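> First, the structure itself, so that you have it in front of you.
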Amino acid sequence: MAEKKTGLFEKLRLVPDVTAGLAIAVIIVLETMQCIGRYAFGHPFLFVDDIVVICFSWAIFVGAAVAYRRKMHYGLEVISNRFKGRAKQWYLLVVQAVTTCLFGYLLYRSIVLFANSGSKILTTTRISFKWVDAGAVVGFLLMTVYGIEFFISDLKKLLKKEEEDKA
């Protein structure tokens with residue numbers, strides 16, 4: 001049997017998956033530890049809430065990017081089902097372009113948020129709030145990159161199909 005070779009690029013594409021998964025795992029472990037500490041020993045761990053907030057941000061935004069890359073988000077096809085053939089492909093391409101532009105704008109806004117967090121810190125650990133905002137920056141950056149990839153791929157497919165139809 002031939003083994004599928006995975007290159008460096010394929011392994012790098014797994015970094016967001018691992019990041020989101022690790023963030024969720026850390027949340028589960030820390031919150032379990034917090035519950036045991038609070039109810040079994042009467043002593044909560046003060047740092048847990050701050051770390052969980054950071055991990056939650058990374059899990060949500062990077063996890064959303066992973067779901068987007070895998071096309072696992074739900075969508076309403078009420079409008080797209082009204083189109084057939086090439087018109088539907090063009091409609092979906094326009095939707096992809098608008099979505100990618102929206103992600104680009106949200107990337108810009110998250111960078112502004114990150115830059116404006118200044119010296120704001122988390123309460124207990126005194127960790128910079130930039131770690132929370134960085135999750136949004138990374139997530140929207142990934143979604144923008146994936147959107148560009150999808151747009152280019154869909155455009156190539158559409159143009160190739162149009163060339164085949166002309167031939």
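The values are calculated or read from the model by the stated rules, or taken from the named source; none is laboratory data. Note that the coordinates shown come from a computational prediction; the quantities given were computed from them, not determined experimentally. As a convention, Cβ positions derive from the backbone with ideal geometry for all residues, glycine included, and neighbour counts pool all protein chains shown. Quick note on the areas: whole protein, heavy atoms, side chains included, nothing else; ligands and nucleic acids left out. Shrake-Rupley method; radii C 1.70, N 1.55, O 1.52, S 1.80 Å.
> Output the residue which, of all residues in region 67-84 that are over 16 Å from Pro16 (Cα atoms) and open to solvent by 100 Å² or more (accessible area, probe 1.4 Å), is modelled with the lowest pLDDT.
Leu76
> Right, something else. Take region 98-110 and flag every residue that is surrounded by fewer than 16 Cβ atoms within 10 Å (Cβ to Cβ) and of a type in the set (A, V, I, L, M, F, W, C).
Once the filter is applied, which keeps residues that are surrounded by fewer than 16 Cβ atoms within 10 Å (Cβ to Cβ) and of a type in the set (A, V, I, L, M, F, W, C), region 98-110 yields Val98, Cys101, Leu102.
One line per residue, one yes/no per condition, for (1) in contact with a helix residue (DSSP H, G or I) (Cβ under 8 Å, 6 or more places away or on another chain); (2) of a type in the set (Phe, Trp, Tyr):
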{"residue": "Lys88", "(1), (2)": "yes, no"}
{"residue": "Cys101", "(1), (2)": "no, no"}
{"residue": "Tyr105", "(1), (2)": "no, yes"}
{"residue": "Leu113", "(1), (2)": "yes, no"}
{"residue": "Ser117", "(1), (2)": "yes, no"}
{"residue": "Lys130", "(1), (2)": "yes, no"}
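> Please verify whether region 81-99 includes one or more residues that are without any contact (Cβ under 8 Å) to a residue 60 or more places away in the chain, outside any helix (DSSP H, G or I) and either out of contact with any Ser or Thr (no Cβ under 8 Å at 6 or more places or on another chain) or not hydroxyl-bearing (Ser, Thr, Tyr) (or both).
Yes, the conditions are met somewhere in region 81-99.
> Can you say whether Ala59 is under 30 Å from Val132 (Cβ atoms), hydrophobic (A, V, I, L, M, F, W, C) and either in contact with a Pro (Cβ under 9 Å, 6 or more places away or on another chain) or open to solvent by 70 Å² or more (accessible area, probe 1.4 Å) (or both), as far as the supplied structure shows?
Considered against the rule, which asks whether it is under 30 Å from Val132 (Cβ atoms), hydrophobic (A, V, I, L, M, F, W, C) and either in contact with a Pro (Cβ under 9 Å, 6 or more places away or on another chain) or open to solvent by 70 Å² or more (accessible area, probe 1.4 Å) (or both), Ala59 comes out as no.
> Please go through region 111-137 and pick out each residue that is over 16 Å from Asp50 (Cα atoms), part of a helix (DSSP H, G or I) and open to solvent by less than 50 Å² (accessible area, probe 1.4 Å).
Correct list: Val112, Ala136, Val137.
> Now a separate question. Spot the failing condition for Phe61; the list is (1) touching a residue at least 60 places away in the same chain (Cβ under 8 Å); (2) not in a helix (DSSP H, G or I), and only one is missed.
(2)
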